[in-house]
Amino acid sequence: MKRSLVFAVILASGFALTAAAQTPAEPAAASAATAPAGPPKIAVVAFQMAVGQTNEFQRNFADLQKKYDPKRQQLKVLSDDVDNLTKQLQAQGDKLSDGERASRAKTIDDKKKQLQRDGEDAQNDFQQEMQEMYSGIASKVYDVLSAYAQQHGYTLVLDVAQQQTPVLYATPNTDITKPVIDAYNTKSGVPAPPAQPGGAAAPAAMPHAPSAAPRSAPKAPATH
């Protein structure tokens, strides 16, 4: 799985947590107490990216996608069924009795509602598990970040991934995102995930709830 794609999934799905939310009060106080004397030493980090690019997150994310593959396939089968029934009704509508048309239309409508409900339930379940997974790893990444900052004498670390962070410019040598990722991977002991064969794209992040437009068949859930 491409690392940049994993990070994009986190942002698109709304699973990014602020670094402040993951920052315990006691470690912060300890950092202030042990801050080295002299001019402040400042670093920046893309915290969300750091979490998303750890080997542990990528491994767990891939496992989560595999867990939801059967549900994604079920949604696709149901969506295809709705699509086929809708096309048949459109093609044969003028040849059917009023009662038959009404019966087929009700069948399609019932399947659309089921597809909508099942899609939303699957998406909500996926999001909840994703949130819990991200939160757990983010907390551990923060611990590594805190230790790294103290070891290297940083008095302030700003999260450039947060829109409200007032960082307009930072030199590359102040960015500690990659070192923090490497330090976390070493501590976790989780190996890097295998490369996707032939540069294949990662599977869909979650089953998408289909459109409930009354006059068109719902779109199939993303499977790419």
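The conditions of being among the hydrophobic types (A, V, I, L, M, F, W, C), assigned to a helix (DSSP H, G or I), at negative phi and at pLDDT 90 or above are not met by Val190. There is no residue in region 95-111 that is farther than 23 Å from Asn60 by Cβ, part of a strand (DSSP E or B) and of a type outside the set (Val, Ile, Thr).
Among the residues making up region 45-70, those that are closer than 16 Å to Ser188 by Cα and either out of contact with any helix residue (DSSP H, G or I) (no Cβ under 7 Å at 6 or more places or on another chain) or not in a loop (DSSP other than H, G, I, E, B) (or both) are Ala50, Val51, Gly52, Asn55, Glu56, Phe57, Gln58, Arg59, Asn60, Phe61.
Scan region 115-138 and report the pairs whose first residue is under 17 Å from Asp63 (Cβ atoms) and in contact (Cβ under 8 Å) with a residue 12 or more places away in the chain and whose second residue is of a type in the set (A, V, I, L, M) and part of a helix (DSSP H, G or I), with Cβ atoms within less than 8 Å and a gap of 6+ or a chain change. Every condition considered, the pairs that remain are Ala122/Leu75; Phe126/Leu64; Glu129/Leu64; Met130/Leu64; Met133/Leu64; Tyr134/Ile10; Tyr134/Val51; Ile137/Val51. Residues in region 40-83 that are polar (S, T, N, Q) and within 30 Å of Val167 (Cβ to Cβ): Gln48, Gln53, Thr54, Asn55, Gln58, Asn60.
Being at pLDDT 90 or above and surrounded by 19 or more Cβ atoms within 10 Å (Cβ to Cβ) is true of Leu78.
Taking (1) in contact (Cβ under 8 Å) with a residue 40 or more places away in the chain; (2) in a helix (DSSP H, G or I); (3) under 30 Å from Ala170 (Cβ atoms); (4) not aliphatic (A, V, I, L, M) in turn, Gly153 satisfies each apart from (2). Exactly one residue out of Ala161, Ala122 is modelled with pLDDT of 95 or more, surrounded by 15 or more Cβ atoms within 10 Å (Cβ to Cβ), among the small types (Gly, Ala, Ser) and within 20 Å of the chain's Cα centre (by Cα), and it is Ala122. Taken over region 145-172, residues that are under 11 Å from Lys41 (Cα atoms) and in contact with a strand residue (DSSP E or B) (Cβ under 9 Å, 6 or more places away or on another chain) amount to 6.
The values are calculated or read from the model by the stated rules, or taken from the named source; none is laboratory data. This is a predicted model, so every value here is computed, not measured. Virtual Cβ from ideal backbone geometry, glycine too; neighbours counted across all protein chains shown.
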